[in-house]
Structure formats: C-alpha cells, structure tokens
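Here the structure comes first, spelled out in structure tokens, and everything after it is commentary.
The values are calculated or read from the model by the stated rules, or taken from the named source; none is laboratory data. A quick note: this is a predicted structure, and the numbers were derived from the prediction, not measured. Using ideal geometry, Cβ is built from the backbone for each residue, glycine included, and neighbour counts are taken over all protein chains shown. Ligands, DNA and RNA are stripped out before the accessible areas are found, and what is left, the full protein with its side chains, is counted by its heavy atoms. Shrake-Rupley method; radii C 1.70, N 1.55, O 1.52, S 1.80 Å.
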Amino acid sequence: MIRILTFGFVSVAIIFSAASGAQFKTPERGFVSTRPAENWQHALISGNGTIGALVMSRPLNETIIFSHERLFMPIEPSQPVVDMAPHLDTIRRMIDEGQYSRAAEFVSELGRKQGYRGLRWTDPLVPAFDLKITITPAGEIRDYSRSVDFQTGVASVQWKDDRGVFLRRLFVSRPDNVAVLSLRGEQNAAVDCRIALATTPEDAEDQEEEEEEDEPSFRKGLEGVTVSAQGPVLTYRGRFAKTWPDRIAAYEGIAYVKTCGGSLVTLEDAIVVKGADEVLIFVWLDVLHNISKSKLTEQKARLEGLKADFDTLLKRHERLHGKIFNRVRLDLGGGKDHELSSEVLLEKSSLGNLNRALLEKQFDAARYAILSSSGELPPTLQGVWTGTWHPPWQSDYTQNGNVASAIASMLMANMPECMQAYLGYIESLVPHFRENARILYGCRGIMMPSRTGSHGYNVHFNEEYIHLFWTPGAAWASHFFYDYYLYTGDRKFLEKRALPFMKESAVFFEDFLREGPDGRYVFNPSYSPENTPSNSDSQACINATMDIALVKELLGNLIAACRELRIEKDGVRRWKKMLAKMPDYRINEDGTVAEWTTPKLVDNHEHRHISHLYALFDGLPEEIASNQKLRDAFKNVIEKRMGPRRADGGGVMSFGLVQLGQAAASLGEADLAYEVVDMLANVYWRANMVSTHNPDSIFNVDICGGMPAVIVKMLIASEPGAIELLPALPKQWPSGVIEGVLCRGQIEIKKLSWDDGQIVVRFVSEIPQNVKISVPGSFKQAEIRQSNSDMVESLAKKGKCVVVVPPGELVEIHFVR
C-alpha cells in the first residue's frame, strides 16, 4: 500500500507493508504502529515525569514536541476568592426554599462585583518548543514502522529509502533529566540532517471537539521568544506576557548535538549535520520564576559532560523506569496477536469481541503513561504532554473525577512512587485550601476546589457550573492519603502527613454542617459534580449523596487512624457522633440509589458523571455489603447509567465509565465490569496506545489510571488482613495470570494464576499477620505451602481460609474444586 503524506513543505510517499510491523520486531512489552502521527494527539509518547516528548514519527520531516510538568502559562491572578462567607445564611435560605437557580445567580453576582467575568480558568499546560529534524528525500519511504517499548520508554521510528535503513530512537532519562535522541543509518547509510528548535504553532486543526465556550486561545500569552545556535548547541528562551510572584515567568531549553563521524555546521538558528554515522541530541528544559536567573550556562556544561552513548544512558534510565514498570504483568492469553501492529489489533477487536492481546497492551500502555507523566507533580488531564496552546479544560487537575481516575491504580498496580507525586502536590496547595474554607464558608480546615493547576484557589465557577458549592474535595484527597498508609504501612507518613491532612478536612465539616429538623446533618449548599436534577434548572442543590459518602468515609478512616496511633480520644468521640448524624442513602422508586438524599430532587440517569456511586469506587463498605436492598440499588444505578452509553457506543467522558467499572467490580458484578472494560478498550484508544476522553477524541490519560484499576479490582480485592481473589472474574477470562499487585496490609501478590480447575496464589507480607484469603465458593480445597514449612492441607470453607503469614516469607496456596 502506498500513501502520500504531507509534512510541512515535504511530501513523502510511504509504502506500508501488509505484514504490519514485520520490519520492526515488536517489543516484548510495547507495540508497533505502521502509520506516522497525523497530529500531536496521535504522536508516540515518552517522558520521565518532568519532561514530556511527543514524537510525530515522520521519517524525513520529524517534529518532536517537548513539554514540562510545570509549564502552566500564567493567564489570571490567583486571587481573590469570592467573599461568600458573609452571605452564607442567605444562600442556604434560598436553597432550603428550593430556589437553586437563584442561589447560583446570587453567588455569580458576588463574583461579578469582585471583578469576575465568566469562568475564571486555571493556567493552561502549554508546549515548550518543537525539535525539528529535516532530511532531504531520497526516493520512496519503505518498510516504515514506529514503536514504543514500555519497559525502557524508548520511542522508535524506522524506515528505508534509496540510501538505506534509518533508525531514530528517543527516551527521556529519569537519572539525567534529559531527553536522549539517536539518529543513525544502518549498513553504511550516512545521516544528513538539519536540526532546529521552533515555537510550537497554534494549529487549529488539532483542536478537537468539546472546548467550552468561555475557553480563550492562549498563544498570544507568549512573548519574547529567542532561538540561537552556537557551536553544537541550540538554545530556546520564551517569556510570558503575564506573570505574578507565585507563577513562572519564562522557560528555557537546550538541544545539544553530538555526532559520530561526519561534519557539523552551525547556522544562525539551526545546525546542519552531513555524513554522520550517528547523531545524538540531548534536550533539556526547565521553567523560570525569575527570568534573570538563567540555567543555560550550567546545563550546557552538564550536557557536554554526558557520555555520547545512547545505550549507556538508556541503561541508567532503564534501571529506574524498568524497575517500576516491570513489577506488574497481565496475561489473559493474548498469545501471538502481540506481534500484530496496533492498527491491526484495534481493527480486529470490537465491542463484544475484545481482543485479549489488545487489552494486555492497553493495560501496559496505561501504566506506562502514568509512570512516564509522574514526576514532582502527578499527571494532568494530558499527563505531561501537550501539543496545543489551547488544551481542553486547560489540561489542568480536574479534582471532581478526572484526577481520581488517573491515580486510581498507582497503589494497587505497584507504583507507589507515583502516588507520592500526587500527595506532595496536594500538600503544597494546603495554604490555598485554607483560604478557600475561610473566605467562602467562614470555616476552619481546608476546602479543595474542583480544578487546580499552578494554584489551589477556588475561582472556577459560573451560574451553571457552581463549583463553589462542591465542598468534599479534600475528603476525596484524604482517601488517597490514608490508602497510601494502608498499602505501605508507613506509620511515620500516617502520623506526620496523612493524619494532619485528614483532620483539616474533617474540621471543615465540623464547622460547615448544620442539623436538620430530624437531627441529621444537612449539606447546604451541595453539588453533585456537573449534574442537574431532572426536575431542576440548576446544578446547585442540597444533600448530594457524594458529599455524604465522602464525609462518612473520611470520618471512619480518621477514627481508625487515630485508634491505630492511640491518639485523639476526644476527636474520636466527636467524629463518632458526627457519623451518627449522617443522612442515610435514599432509594428511588425505580430501585436506584438516589443522587440526592432529598426527595425534592429527581435523578437524571442520562448524565456522564456517576458521583453518587463514590462509596464503591475503591471498596465495598460494610454498610452496603450487609444490606442486600442497598447493594441491589447501587447495581441498578450502574444498569441505568450504562443504558445511554450502550446506545451511544460509549458516550463522552471515559472516566465516567471507569467509575461504573469500579463500582461493578466492588459489587462483584463480573458481567457489568467486563462490559465496561470491553467498552473502554474498544472505544477510547488510538494506535499510538494513548487513551482519549471521548470516543476517538481528545488526548487524555484519565483512563490510563482508571482502566488498570478496574481490571485489578476484578481480579484482586483487598483490605488489611483480607484478600479476595477473582471477585468479579468474567467468563471471557477462563484462565490468566497477573503478577505484582499490591494489597492493603503490606502484601504483594507475586503471582495469581487461574484456570477452570484451580487457583494458585503466591504472596509475601512485609509484616507478620493472619490473612483471610477468599476465592469463588466452588473452590473447596486449599493447599498451603510456605517456604519454611511443610505443605498444609485445609478445607476452604465457603471459599475462605486463614493463613498465618510470617514476614518476608513466600506463601503459596492452591485452591482446587
């Protein structure tokens, strides 16, 4: 097949082989693609958490777009937060009277009086610059392929023309904090190329749907760009038009060119290489808060000292990156289909006929994306990558659902280092959260807004999206603080970091909550993210079920943590009393759990958010587990919300599907959980093995964290001292293996395998403990093998057995029917 592709001013005829990927050996854990990127959203990704690279994979006119985790372009000042607290009684009275729209309008008017004009957006994550590599054409491009090796982070492009075979490879090093690019010819093919740095263009055609009306275009926010070349070094400096003391003012980068053989000529703003056996390019970039404090001189010296050996530098990186990535492996029987290109795999798979090799690759690709975009900061909506000056929703941290999905598998999928990035980022914003609580509600403690970025002030709202009424954001963050302790057992972290954050989250609600006539707490104002009751014209509301579930969980975890540390006796008594005053879940006439506990508001089952299922996102609370009517009501919500998605072939907002899958897995509903995974895999992935927000639309990594979480939860569920194996195993996975999963209670599942006749699990605990292991009830017999003990046979009563586990010892259990 021959296809004509135009890149810039160069038209190239590329011959695609029918034997997709045959020219490039498929990485053991990775993929091969046979098409260059049409735009940045289809590019290959590589990153070290701090620096991101989007590789367009074009043979002769390559563009690699670089970005930085802190490159949020300043567009609005951080403050002031709307002074809402003095008017809180008025707002509450309106909501009590059912005047929801009036309450939202009242707050919006307060904002206008303080200078707000429509939605005040977070600062956008923007690209740093493009690295351009241009090669003169020499006949048709043939035997083209591109690939990513997830184990190493290497993005590769290979092709052949009349001169010979060429190979271009790139990774972003964690230990050296630099992108390393190698371009070389095989079989005496010399490299002739032009290398330049350029400002990423504002390309309207790559801006896909779903931008909100109030989102401006930001390219004009960059001014004072300087690009220069001196010897083997290209430098780039960009200055922002606006800045404030708490924001970045500029950024700068270097491309350091080293050659093996050939010649190097420096032009005014480019470098030309001729006749080289190999060209190495080191790319570094960073942000500046003070434009006068450039780092270019010291970084040039550092890059000059790096060894000009791609493989040596890669080994240094692989020791860090590969160590984390390779902890977990999933095998569902994909077999030889792993050799197929990503394009062929996507074409071969369909709803109701999910290709297992595709799913295994997506599981790996998802963990790879989250690892590669976790540095000092956690992944944004787009990870650490962007190729546009107007990213959807600013590519910020959307805290009312997106972020929680992106980080959902960090602990269970054995990347706790990545969770540290999230926890540290949230802690850095606590002073802003305190201001939100004080100015908006007159409360002590902290209030996390629905959107954060370069700051944590709650300033994004309007009459429709009245986000100021969403109060439990810090309670949701508290879940991850406490969960980090449950997985790692780090008592110092619990005492010094998790508990203080959780207490400040709870103190807010001690001040915020009021008792109703029945003695139960009333959440007023309230907000169920972005959903409007079907009998209302406003998102403003009272008693959103999500608020109640989050505060219940927060107080329960806070009590457990304080008991563990044997502290805060008065606080424990106070929080227990608060728990007793929490409203009960309400069940609608149609048998679903209500999204609002007041009967005055009617559910809207067509909406993309499913926030009222929060209690099931990461477990099964005893309150629900022990109440069959309540369990059924939660299941009915999943069924109701899947209806529109089935009709739409997936629907918008992929992380909403993740939430449905998490809830289904927590309930042990295998068929529903599998249907979610089937839809996620078949609808929201592209050939570059990066996920999307909508069906084949909007580059987005939300489900890169969420989809592995659903899969892991279907196979392994855990609480301290208890592990459930295959709690939601679908019939489509009759056999399989998963390795390296972390469990709460400081346990690592070294390997879990299953088939029709037996389940075998091998695990290690860091501490001595008794562990209850549960399996499907049809498995009656358990054989327990410990490395320092004789085999013990026991009866697995109703699929359960208890094992006495010494620390650091491998335990193996065989369950048979």
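A compact table of results
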read-out: Solvent exposure ordering (accessible area, 1.4 Å, most first) of His338, His289, His693; value: His289, His338, His693
read-out: Theoretical gain in end-to-end length, Lys577 to Lys336 [0.36 nm per residue, Cα-Cα removed]; value: 80.9 nm
read-out: Long pairs among Lys220/Lys242; Lys552/Lys713; Lys492/Lys750; Lys552/Lys772; Lys258/Lys295, criterion Cα-Cα beyond 19 Å; value: Lys552/Lys713; Lys492/Lys750; Lys552/Lys772; Lys258/Lys295
read-out: Interatomic Cα distance distribution for the range 431-568, bins of 5 angstrom, percent; value: 2, 10, 19, 21, 19, 14, 9, 4, 2, 0
read-out: Modelled FRET efficiency - R0 51 Å, Glu622 with Lys348, Cβ distances, 0.05 increments; value: 0.70
read-out: Members of Lys361/Lys635; Lys323/Lys751; Lys323/Lys800; Lys132/Lys274; Lys293/Lys315 lying beyond 24 Å, as alpha-carbon distances in this model show; value: Lys361/Lys635; Lys323/Lys800; Lys293/Lys315
read-out: Test item: Cα-centred dipole of the range 466-549, Lys/Arg +1 and Asp/Glu -1 on Cβ, debye; value: 360
read-out: Reachable aspartates and glutamates, given that their alpha-carbon falls under 14 Å from the alpha-carbon of Lys576 and they are not under 8 places away in the same chain; value: Glu510, Glu553, Glu568
read-out: Student exercise, the range 73-159 dipole from Lys, Arg, Asp, Glu Cβ charges, in Debye to nearest 20; value: 180
read-out: Segment Glu766-Phe493, length gained on full extension (0.36 nm per residue, minus Cα span); value: 96.6 nm
read-out: Positive-pole candidate from Ala580, Ser536, Ile567, dipole of the range 531-602, charges at beta carbon; value: Ile567
read-out: Loop sites in the range 69-109: GluC sites (Glu not before Pro), DSSP, at most 10 other Cβ within 10 Å; value: Glu97
read-out: Rg ratio (alpha-carbon, reference 2.2 N^0.38 Å) - the range 64-135; value: 1.82
read-out: Relative contact order %, the chain, counting alpha carbon pairs below 8 Å whose residues are six or more apart; value: 12
read-out: At least 27 Å along the helix axis (C-alpha) and Kyte average at least 0.5, DSSP helices within the chain; value: 545-565
read-out: Most positive-pole-ward Cα, Ile426, Val816, Ser341, against dipole of the chain from beta carbon charges; value: Val816
read-out: Filtered GluC sites (Glu not before Pro), the range 561-601: DSSP coil and at most 13 other beta carbons within 10 Å; value: Glu589
read-out: For the range 267-371, alpha-carbon Rg over 2.2 N^0.38 Å; value: 1.63
read-out: Charged-residue dipole, Cβ positions (Lys, Arg, Asp, Glu), the range 668-760 about Cα centre, Debye nearest 20; value: 260
read-out: Nitroxide proxy distance, nm - points 7 Å out along Cα→Cβ at Lys750 and Lys569; value: 4.5
read-out: Answer label, with percent of Cα pairs over 54 Å apart calculated from the coordinates and candidates (1) 36; (2) 18; (3) 12; value: (3)
read-out: Helix-only [θ]222 nm of the chain, DSSP H runs n ≥ 4, -39500 (n - 2.57) each, per residue, nearest 500; value: -9000 deg cm²/dmol
read-out: Cα-based Rg of the range 59-189 normalised by 2.2 N^0.38 Å, two decimals; value: 1.93
read-out: Which of Asn39, Leu313, Leu280, positive extreme of dipole for the chain (C-beta unit charges); value: Leu313
read-out: Added length on full extension, which subtracts the Cα-Cα distance from 0.36 nm per residue, Asp511 to Asp696; value: 62.1 nm
